[in-house]
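The values are calculated or read from the model by the stated rules, or taken from the named source; none is laboratory data. Every value quoted in this text rests on a predicted model; they were computed, and no experiment measured them. What goes into the accessible areas is simple: the full protein's heavy atoms, side chains included, and nothing from ligands, DNA or RNA. Shrake-Rupley method; radii C 1.70, N 1.55, O 1.52, S 1.80 Å.
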Amino acid sequence: MVDRELAKGIRVDSLFMGIRLGMTQKEFFAYCWEMNKQGIFTDGPGNMSVEYEIKELKYLAFMHFYPDFYENKIYKMPVKFSYKGWAPWNKQLFADSLQLDVLRLYKKWYGDGFIKITNPDKGDLYVKVDGNRRIIISRYDDLHVMVMYADLLLDQELQKNQFISR
C-alpha cells in the first residue's frame, strides 16, 4: 500500500483543523495561539500538548496533540483521544469503543480506505495511506486511542540516512 501510494507522486499534507505536514514551528504556534484566542484550542495536560474538546464522537472527548518537527517543520503528528467521562467503571467509555468511534470520524474526515491490521501485541490497528500521508489508529491503553500521522517521504529518507550513518 505504501509503495503504491508513494508511486502516485502526490503530496497530501492536510492533517486536521488547518494543521498540515510541513507547517513550520512558528506557523504552528501562531495558528494554535489564534485558535486559543478564539476558544477552540486550550492547553493540554501540563502544557505539553494542545487540547481540543471534540463533540463529533458518540460521547464528549478530548483530542491532545503536539507535532514532531524535523528541520523546523511538522513531519509527524501524534494525537491522543480520550472520552471526557472515562472511569474504570464506565466500560462504554473504554478505548476499544473509542477506537471504533474515532475510526468512524476519520472515515468522515478522510474517506474510506482504512484497512484493519491485527497486531499480536497492539491489537487491531487501522491504517490509511494517501500519497505521502499515513494515518494509523490504534488503542493505546484502556483510556486512550492513539492516532499517528506521518509524512512517509521524510520518514523513509530519515530511516535511510540513519541506516547509512551506522
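Starting from the amide H of Ser49, placed 1.01 Å from N in the peptide plane, find each other amide H under 5 Å away whose residue is 5 or more places distant or on another chain.
Long-range HN contacts for Ser49: Gly44.
Ignoring any ligand, DNA or RNA, what whole percent of the accessible area of segment 86-166 comes from carbon and sulfur when the probe is 1.4 angstrom?
Working: 2430 of 4620 Å².
Looking at segment 86-166 in its full context, I get 53 percent from C and S.
Please give the solvent-accessible surface of Glu56 in Å², to the nearest 10, using a probe radius of 1.4 Å with every protein chain present.
100
Would you mind checking the pairs Lys58/Lys80; Lys26/Lys58; Lys84/Lys108; Lys58/Lys84; Lys8/Lys76; Lys73/Lys122 and listing those with alpha carbons more than 23 angstrom apart?
Values: Lys58/Lys80 16 Å; Lys26/Lys58 34 Å; Lys84/Lys108 21 Å; Lys58/Lys84 11 Å; Lys8/Lys76 21 Å; Lys73/Lys122 29 Å.
Beyond 23 Å between Cα atoms: Lys26/Lys58; Lys73/Lys122.
Across the chain, how large is the tail of the calculated P(r) beyond 27 Å, expressed as a percent of all Cα pairs?
Details: 3792 of 13695 pairs.
The answer is 28 percent, as a whole percent.
Per residue, how many Å² of accessible area does the chain show with a 1.4 Å probe? List each step's numbers first, then the result.
Details: 9510 Å² over 166 residues.
Computed with neighbouring chains in place, this is 57 Å² per residue.
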